[in-house]
Each structure stands twice: as C-alpha cells, then as structure tokens.
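*Asks:* Handing you a structure now.
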Amino acid sequence: MDTLDNMFVSNWSNVHFSVPPSYVQPIENRPGKVISSSSKAIPVIDFGAHDHDDIAKQILKASEEFGFFQVINHGVSKDLMDEAVNIFKEFHAMPPKEKVNECSRDPNGRCKFYTSSENYKKDAVQNWKDTLTHSCPPSEQVIEYWPQKPPKYREIVRKYTQELGTLGFKILELLCEGLGLNQEYFCGELTENPALIVHHYPPCPNPSLTLGVVKHRDPSIITILLQDEKVHGLQVFKDGEWIVVEPIPNAFVVNIGLLLQIISNGRLIGAEHRVVTNSSTSRTSVAYFIYPSCESIIEPSNNMVNENDAPRYKSMTFGEFRRNFFNKGANIEAELLY
Ligand code: OGA
Ligand code: NI
C-alpha cells in the first residue's frame, strides 16, 4: 500500500478492522450516555411561516438557550442540496492521490485535504475523519483553487455556496432584529471570508472508543451545516448532558460560533458540540463557516454593553483570535475573557 493510502482514514479503515491506539479517546472523552428526549430537542424553525417577527423571536430564543437550531423551508432547493451532497461524496470516494492533487492549487494553502484535524501533529488523539476545505465566493478568484474533479464540482459548489451565503445573511438579519442591532451589522468585513468544510466519517469498528470530532466550539460567526439525512453523529453539550441533533431531511443545522458569542457579549451561546462515529454507515457533513476578514475587530458590540453589562471579552482582530484558537484549542475561552 502506498503511503497516501496509509494516511487517510477513509482508505485504511477499509482494510484494518480495529481502532489504532492513536484514535482511542481517554475515558472521560468517550461517547457515553446521550439523551434525545423531545423536551431537550434542538429547536426546529420554519422559515416558510408567515409571522416574520415570530421567526426572529424563535431564532433569538434558540440561540440564547441552545446556541443551535435547525431550519426548514429555508429556500435552498432540495435538488441543489442533493447535488451538493452527492458531489462531495464522490470527491471523498476518489483515490487519495487525486484528492490531494485536486487540493494543491491554492498558493494561500486554504484549499486542502487533510485527515483528523488541521492540527494533526499536535492532536493528542486523532479524529476519525478526513476533511476537504476551501474558501468560498464572494471573491470569484478563489474558485480557481477549488477541485476540478469530480468534473461538475466547481459548477455545483459555486451555486451551493452562493445560496448558503444568501441564507446566512437572512439568518444574521433575523438575529440582528432580535438583538436590536442594525440590520447591516454583518454585511461588511465580519462575513467577508466564508469557508466550506466537508467531513467524511467512515464506519468505525469500535465507536465506543473514538470520536469523529472532539468537543469544540466553532471559531465562526455562525456555521450552517448540512448533515447526512439518515446518519446520526452530531451532539450538542447542554447543561452537562449530550443531546443528539436528529437528522431532518432537507433541513440545515445552524449554530452560533464563538465570534458571535463575543459580539453579543455572551448573550448568544457558541455551544460545545462533537461528532460520534458508528460501525455501519459512513457519514458526510458539509459545514459552511461564516468567517470575518483577518483584520476585522472582534469585540462585544456597543449595543450589547451598558452600565449593567460590562464588556466580558477582550477586543482582538480575527487574525489574532485565529492564532489563539489554533494554539489553545479548547482552552481558548480564558484568553478571550477580561
Ligand atoms: C465542525 C463540526 C459537525 C458535523 O465542522 O466544526 O462540528 O456533523 N461538524 O460534521
Ligand atoms: Ni463544529
């Protein structure tokens, strides 16, 4: 077997039938008890409903209580969602050499194919997944760096990411309404740099020992996730318990990122979440991360701060935030707080 086959879990897990020691989580991190009772379910919000003010209220409430919600009737067509998922599955099914080649055009290194995490060498324990990531429009120039295989990749993913950009603005506008922020608050550099992150979690011979992604908060403004219709995997940590995010056909899962937690001065929750593996079916998930430009200042908005509510977080550029996030991982919160 060549070394690339040995590197990516999608490839070697087909021929190895046990979990290598470097993927075994310490006992306290292993997936244990989870709950999926309806009283603790992640809220589902219908964007097709007619009462606009009510939708804004529901989004605000879900973002304050859970930091997570699902949206249905969101305006992105089922055909486009299916086409996108299928093209990403086809990408992940290509031979490892092609996946690496297709992600080697970007001089800035933002288009890449990697295994476990971007921090592979520093990770104490590996994640059971392979990942494709790249920047997204608005800048048309970045499309030059995207994969050209499968042949329709650029055409489909361009359409998909444009629609997700529109949906992202709609969600942020509704959140602005709820928070009392100017409708255009997120129209500029705070949302200038979106990225796509496509994970592939192959079946795992012993899901009780491993994780697809360890507990984390997203370093984004918001994240809009398309998860596999039939395969469970995503879980949210709330009040000391893990809650399953039930897959709903044609829905998107939306979560508040740490950046929006800071901007809202802690009113909205950048909730912790993780991904578990399973032994029978592979799972593909497509995350659209809304990121600012590197120079953007991330700090509590003036509207969210007053005599009773002092700023809880330090001000820093997104570039600084990202360096901290990369170096401190899960322990970043201490760096952010005043
Ligand atoms: C992430 C993430 C969830 C999933 O990419 O940050 O949490 O279901 N993904 O893959
Ligand atoms: Ni995440």
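Bear in mind these aren't lab numbers, they're just calculated from the coordinates by the rules spelled out. Fair warning: this is a prediction, and the values are worked out from it, not measured in the lab. All Cβ positions, glycine included, derive from the backbone under ideal geometry; neighbour counts span all protein chains shown.
*Asks:* Per 0.36 nm of contour for each residue apart, how much would the distance between Asp5 and Lys122 grow if the chain were fully extended, relative to their Cα-Cα spacing? The partial results should precede the final answer.
*Replies:* Values: separation 117, 0.36 × 117 = 42.12 nm, distance 2.13 nm.
My answer for the length gained is 40.0 nm.
*Asks:* While we're on this one: Pop a pseudo-label 7 angstrom from the Cα along the beta-carbon direction at both Asn308 and Gln148 and give the gap in nm to one decimal.
*Replies:* 6.1 nm
*Asks:* If you don't mind, another one. Per-residue counts of other Cβ atoms within 10 Å, averaged by peptide: what ranking do you get for 306-312, 73-79, highest first?
*Replies:* Working: 306-312: 10.4, 73-79: 13.3.
Ranking the peptides 306-312, 73-79 by packing returns 73-79, 306-312.
*Asks:* Can you find, among Ala62, Val305, Ala251, the residue sitting farthest towards the positive end of the charge dipole of the range 4-336, where Lys and Arg contribute +1 and Asp and Glu -1 at Cβ?
*Replies:* About the Cα centre, the residue reaching furthest to the positive side is Ala251.
*Asks:* Output ³J(HN,Hα) for the range 189-201: one whole-Hz value per residue in order, computed from phi by the Karplus curve 6.51 cos²θ - 1.76 cosθ + 1.60 with θ = phi - 60°, and x for Gly and Pro.
*Replies:* Result, rounded to whole Hz: 5, 5, 10, 6, 10, x, 9, 9, 10, 10, 9, 10, 10.
*Asks:* Per the helix-only calculation at 222 nm, which mean residue ellipticity applies to the chain, given -39500 (n - 2.57) for every DSSP H run of n ≥ 4 and division by its residues, nearest 500 deg cm²/dmol?
*Replies:* Values: 9 runs with 93 residues, N = 338.
Rounded to the nearest 500, it is -8000 deg cm²/dmol.
*Asks:* Here's something else I'd like to know. With θ set to phi - 60°, apply the Karplus curve 6.51 cos²θ - 1.76 cosθ + 1.60 along the range 5-22 and write out the HN-Hα couplings as whole Hz, x wherever there is a Gly or Pro.
*Replies:* 4, 6, 7, 9, 4, 4, 8, 6, 5, 5, 10, 10, 10, 9, 8, x, x, 5
*Asks:* Could you pull out every residue, at least 5 positions away or on a different chain, whose amide H is within less than 5 Å of the one on Ile45? Hs are placed 1.01 Å off N in the peptide plane, and Pro or chain starts have none.
*Replies:* Amide H neighbours of Ile45, under 5 Å, 5+ apart: Gln70, Val71, Ile72.
*Asks:* Excluding Ala41 itself, what net charge comes from residues whose Cβ is under 13 Å from its Cβ, given Lys and Arg +1 and Asp and Glu -1?
*Replies:* On the way: positive: Lys40, Lys238; negative: Glu65, Glu241, Glu246.
Here the charged neighbours net out to -1.
*Asks:* Something else about it: Quick one: Kirkwood hydrodynamic radius for the chain, alpha-carbon pairs, angstrom, one decimal?
*Replies:* Working: mean 1/r = 0.0487 Å⁻¹.
About 20.5 Å, per the Kirkwood formula over Cα pairs.
*Asks:* Taking K and R as +1 and D and E as -1, what net charge do the other residues with C-beta under 12 Å from the C-beta of Leu181 add up to? Please list the in-between numbers first.
*Replies:* Details: positive: Arg267; negative: Glu173, Glu177, Glu184.
After counting each charged neighbour, the total is -2.
*Asks:* Once amide H atoms are placed 1.01 Å from N in the peptide plane, what residues at a sequence separation of 5 or more from Lys238, or on another chain, have their amide H within under 5 Å of its amide H?
*Replies:* Those lying under 5 Å, H to H, from Lys238 are Ile243.
*Asks:* Still on this structure: Based on the mean of other beta carbon atoms within 10 Å per residue, what is the order of 45-51, 165-171, 268-274, most packed first?
*Replies:* Those peptides, ordered most packed to least, come out 268-274, 165-171, 45-51.
*Asks:* For Lys159, list the lysines whose Cα falls under 19 Å from its own Cα; do not include residues on the same chain fewer than 8 positions away.
*Replies:* Once the sequence-local lysines are set aside, what remains near Lys159 is Lys78, Lys89, Lys149, Lys170.
*Asks:* Please work out the C-alpha center-to-center distance from the range 91-130 to the range 236-276 and express it in whole Å.
*Replies:* Each part reduced to its Cα centre gives a spacing of 25 Å.
*Asks:* Between Asp82 and Asn278, what is the spin-label point distance in nm, taking each point 7 Å from the Cα along the Cα→C-beta axis?
*Replies:* 2.1 nm
*Asks:* Also: Using Cβ counts within 10 Å as a stand-in for footprinting exposure, how do Ser10, Ser220 rank, fewest first? Provide the component values of the computation, followed by the final result.
*Replies:* Numbers: Ser10 20, Ser220 25.
Neighbour counts put them in this order, fewest first: Ser10, Ser220.
*Asks:* Starting at the first residue of the range 49-62, write each ³J(HN,Hα) from the Karplus equation 6.51 cos²θ - 1.76 cosθ + 1.60 with θ = phi - 60°, in whole Hz, x for Gly and Pro.
*Replies:* 5, 8, 7, 4, 4, 5, 4, 4, 5, 5, 5, 4, 4, 4
*Asks:* Between Glu189 and Lys57, what is the label-point separation in nm under the 7 Å Cα-to-beta-carbon projection?
*Replies:* It works out to 3.7 nm between the two label points.
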